[in-house]
Amino acid sequence: MSGNGGLPMRTVFAISFALLVLSGCAAVEERRYPGPVQVSPPAMSPGTIVDLKTGKRLTFDELIHALEKVRVVYVGEVHARAADHEVQRRVISGLWERGRNVGVGLEMLPRSVQDPLDRWVRGTIEETAFLEALDWGNNWGIPFSAYRPVFELAREKSLPMRALNAPPAIVRKVSRNGLDALTDEERAAIARHFFMDDAAHRAYIQKEYEAHVPGGIRDFTSFYEAQLVWDETMAESVAVWLVQEPLDHVVVLAGKGHVNLRFGIPERVRRRLEHRYAIVVPVALNEAPDQITVETGDFLVVTEP
């Protein structure tokens, strides 16, 4: 028996309970960060890791040791870039090798496909049937081969994975017609609460809106609401998971636009549930990694150009 966009009823009850817990949390003060720390010479090379708060160079083991101190780790990605996915895989593996209880949160999948994701981790479904059950091509579009090493690692080590996102069809509908156009069933499939008063986030999305031809999009308001459907639904999913399971760490894999600068998913999770988090920023050598500051994230990892 299922409802709410295809979620099993037991999952609906669990999520509802977790949301009830979260709704009782007190409002959280805005977090303030130190001013930018400019990374200085010597010149960087692929594999360089920098603590952006201090400018100190780190080994990979030192990075993992630092990440052991936080509950949620965000590793942003350019979706089709193999180097970013390798950083993600190494972070997950590094925490697991320290004996940590690690879960992997996924932007790529809507919450309605959690059942086949659980079956994948248990090893009871093969890849072809798995991708069909996920409707991977329609729900995402980037070839699964880009993500296979992470999925295989989770399966091999029995690391729980969680689908975080909203159904793509609902996001498209909001971008065309706004949140008010959703049916009750559609509204129940996305985040309950939307924080729309972050001026920095709104300005960032405004630049994205102006830089692209908004074909099929009604106006900036509907475009912004569609972005919030993504960010708030993923943030709610992470917060619910943190309440539901005693994981040492959740490693969230999402596009850099959702995690860098903190105001996409990270701070929206923290508004729901106080916790410590860190943002790992993979940047290619030819993308001016020396210009990345603590405003963007916490740790820089330089990858091949």
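Worth a mention:
- 1.4 Å probe accessible area per residue over the chain, in Å²: 45 Å²
- Restricting region 248-305 to trypsin sites (Lys or Arg not before Pro) that sit in a DSSP loop and have at most 12 other Cβ atoms within 10 Å of their own Cβ leaves ARG276.
- Carbon-plus-sulfur accessible fraction, region 35-118 (probe radius 1.4 Å, protein heavy atoms only): 52%.
- Once you divide the Cα radius of gyration of region 264-305 by 2.2 N^0.38 Å, the number left is 1.39.
- For the chain, the mean residue ellipticity at 222 nm estimated from helices alone is -13000 deg cm²/dmol, where every DSSP H run of n ≥ 4 contributes -39500 (n - 2.57) and the total is divided by all residues, rounded to the nearest 500.
- DSSP bridge orientation in the chain - percent antiparallel, rounded to nearest 5: 25 percent
- Counting charges near ALA191 (Lys, Arg +1; Asp, Glu -1) among other residues having Cβ under 13 Å from its Cβ returns a value of +1.
- One compactness figure for region 113-165 is 1.03, namely its Cα radius of gyration divided by 2.2 N^0.38 Å.
- Extension gain from ARG100 to GLU295, taking 0.36 nm per residue of separation minus the Cα-Cα distance: 67.4 nm
- Between ALA169 and GLU210, the distance separating the two model label sites (each 7 Å from Cα on the Cα→Cβ line) works out to 3.6 nm.
- If the Kirkwood radius is taken over C-alpha pairs of region 155-305, then at 37 °C and 0.692 mPa s the Stokes-Einstein diffusion coefficient equals 195 µm²/s.
- Extent of the chain along its three principal axes (Cα atoms, max minus min coordinate, largest first): 58, 45, 39 Å.
- Neighbourhood net charge (10 Å Cβ-Cβ; Lys/Arg +1, Asp/Glu -1) for TYR224: -2
- In order through region 156-170: 3J(HN,Hα) via Karplus (6.51 cos²θ - 1.76 cosθ + 1.60), integer Hz, x for Gly, Pro: 5, 9, 6, 8, x, 10, 10, 6, 9, 8, 7, x, x, 4, 6
- Spatial separation of Cα centroids for region 47-123 and region 234-281, in angstrom: 12 Å
- Protection-proxy order for peptides 232-239, 150-157, 70-77, each taking the mean of Cβ atoms within 10 Å per residue, highest first: 232-239, 70-77, 150-157
The values are calculated or read from the model by the stated rules, or taken from the named source; none is laboratory data. Here the structure is a predicted model, which means the values were calculated and not measured. Cβ atoms come from the backbone with ideal geometry, glycine included; neighbour counts cover every protein chain shown. Heavy atoms of the whole protein, side chains included, go into the accessibility calculation; ligands, DNA and RNA do not. Shrake-Rupley method; radii C 1.70, N 1.55, O 1.52, S 1.80 Å.
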